[in-house]
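The values are calculated or read from the model by the stated rules, or taken from the named source; none is laboratory data. As the structure is a computational prediction, the values presented were derived from the model and not from experiment. Neighbour counts are summed over all protein chains in view; Cβ atoms, including those assigned to glycine, are modelled from backbone coordinates with ideal geometry.
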Amino acid sequence: MQPSAVSRAKPCPQARGKRTSWRRTAFVAPFVALLLAAQPALASLDDTPADGPAAPGALQASTFASGLESPWGMEFLPDGRLLVTERAGRLRVISADGREISEAVAGLPRVRHGNHGGLLDVRIDPDFAHNRLVYLSYTKAGRLLLARRSGLTVARARLSEDATRLEQVQVLFRQRPRVAVDENLGGRLAASADGYLFLTVGDRYTVEQRIRAQDPAFHQGKTVRIRTDGSVPADNPFVGRDGALPEIWSLGHRNPQGAFVHPRTGMLWVAEHGPQGGDEVNIVRGGANYGWPIVTFGCEYDTCAPIGEGVSKPGMEAPLAWWGKPGIAPSNLILYTGDQFPEWKGSVFVGALAGRAVWRIELSGDDDAPRMTRREPLFAELGERIRDIRQGPDGGLYLLTDGGEARVIRIARSLQSPATAGGAAH
Ligand SMILES: [Ca+2]
């Protein structure tokens, strides 16, 4: 590992954004620069052959947007603007230059905000440029006597031309049954180019609830696959089975908060919070069982008492990657396909909450059955809990931080060569 590419963040001209009726994003890049200047390197840039891709410059972290309150999910629109959810039930639109954050988009469904619940993820339709459809996941309270319970819900809506309101809101999926524990909700959405929509559903935390992850009569602890119109595909694995919910795609997940559909294989990848020392990345096959809470590499929080029957069992799938104690608390994960970091093309990036880093997983072998050949934590110098991660239209990595004063951080390649980058930071 060579510390040749010293990381720097430089102030950006966006700092003097105009003040409009929109909230101006505060700019804290100097803080990041100070933070990074005190560290030896933001990330290693070793292993780049001399005759390989264009000479990499230093990695640069800058605040793209700030002033977000407990955000959870984000996604870029085709024009470069960024949709961001805030758990209290607000959807905001960040301008393509990061300078302006809109007021809350009108017309959202009512969410149950509390504990881990609220408005969670946002995804756009693969054909958004033509149909302007967006998908939202959120927790919704039960009615009357069931008001203390909540269920994960997915709605589809059309984003108005001026992006100020949602129209034609339609509920596509309701979790069954609703549950009174608002933890380990799951909630990540992933859309495939061929019209499928996946949702991750958590186990709802308690010992009494989590065993339902093995029972196809419950949505808890599952991934779900529907069509983008809400219908259930006829080839879903539990369609027609007595007592099983037909939306279920896979079983045995604990708290999956990361998901993407691989662009070449069409397979769903998930990252899930395990128990203590049992966080996982899984490549999901329809109908397969990912083990929780029967098999896990982790143990109970606090006591580290064993869980289930061990680390493996016939008929239960092993994870592609897992993290031992203390674990990283994975949020979302993406497959990197951009050109900004050629040496990272084909790597999977996993955001970490408790781990306050982004993990890069390097893969080899076929896309359908890859092996992990290496992994490394990146950007730990930022010290941020990473709630979501995206690849931007520029091929940069965009990190959404967690908490009441949250921001979007852009990781990009400096235009400077490594040799000159050192003199550019102040
Ligand atoms: Ca597992």
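Structure values in brief
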| item | result |
| --- | --- |
| Complete set of residues in region 332-386 that are outside any strand (DSSP E or B) and among the β-branched types (Val, Ile, Thr) | 337 |
| From the options 221, 243, 202, residue that is within 15 Å of the ligand (Cβ to nearest atom) and on the phi > 0 side of the Ramachandran plot | 221 |
| Answer residue from region 194-205, given it is surrounded by 23 or more Cβ atoms within 10 Å (Cβ to Cβ) and more than 17 Å from the chain's Cα centre (by Cα) and is farthest from residue 284 (Cα to Cα) among those | 204 |
| Listing of strands (runs of 3 or more DSSP E) fully contained in region 46-116 that carry 1 or more residues being modelled with pLDDT under 95 | 59-68 |
| Residue in region 223-279 that is nearest to residue 211 (Cα to Cα), counting only those that are touching a Gly at 6+ places or on another chain (Cβ under 8 Å) and among the β-branched types (Val, Ile, Thr) | 270 |
| Test result for residue 232, within 10 Å of the ligand (Cβ to nearest atom) and not basic (Lys, Arg) | no |
| Residue list for region 134-184, filter: of a type in the set (Val, Ile, Thr) and either in contact with a strand residue (DSSP E or B) (Cβ under 8 Å, 6 or more places away or on another chain) or closer than 19 Å to residue 81 by Cβ (or both) | 134, 139, 153, 154, 164, 169, 171, 179 |
| Flag if residue 90 is touching a helix residue (DSSP H, G or I) at 6+ places or on another chain (Cβ under 6 Å), under 29 Å from residue 61 (Cα atoms) and not β-branched (Val, Ile, Thr) | no |
| Complete set of residues in region 178-193 that are within 19 Å of residue 254 (Cβ to Cβ) and loosely packed, with under 15 Cβ neighbours inside 10 Å | 180 |
| The lone exception for residue 208 - which of (1) more than 17 Å from the chain's Cα centre (by Cα); (2) among the acidic types (Asp, Glu); (3) within 16 Å of the ligand (Cβ to nearest atom) it fails | (3) |
| Filter result (closer than 17 Å to residue 273 by Cβ, buried (at least 21 other Cβ atoms within 10 Å of the Cβ) and not β-branched (Val, Ile, Thr)) within region 350-399 | 351, 352, 355, 357, 359, 387, 388 |
| Subset tally (residues that are within 16 Å of the ligand (Cβ to nearest atom) and either of a type in the set (A, V, I, L, M) or farther than 19 Å from residue 75 by Cβ (or both)) for region 251-266 | 6 |
| Odd one out for residue 315 among (1) within 16 Å of the ligand (Cβ to nearest atom); (2) over 20 Å from residue 190 (Cα atoms); (3) not in a loop (DSSP other than H, G, I, E, B) | (3) |
| Number of positions in region 271-304 that are within 10 Å of the ligand (Cβ to nearest atom) and over 16 Å from residue 350 (Cα atoms) | 10 |
| Pair list, Cβ under 7 Å, 6 or more apart: region 280-301 residue over 22 Å from residue 225 (Cβ atoms) and among the hydrophobic types (A, V, I, L, M, F, W, C), other residue in a strand (DSSP E or B) and within 9 Å of the ligand (Cβ to nearest atom) | 297/322 |
| Hits in region 218-274 (condition: touching a helix residue (DSSP H, G or I) at 6+ places or on another chain (Cβ under 9 Å) and not basic (Lys, Arg)) | 218, 219, 220, 221, 251, 252, 253 |
| Matching residues in region 117-161 - criterion: being more than 30 Å from residue 263 (Cα to Cα) and part of a loop (DSSP other than H, G, I, E, B) | 142, 143, 147, 148, 149 |
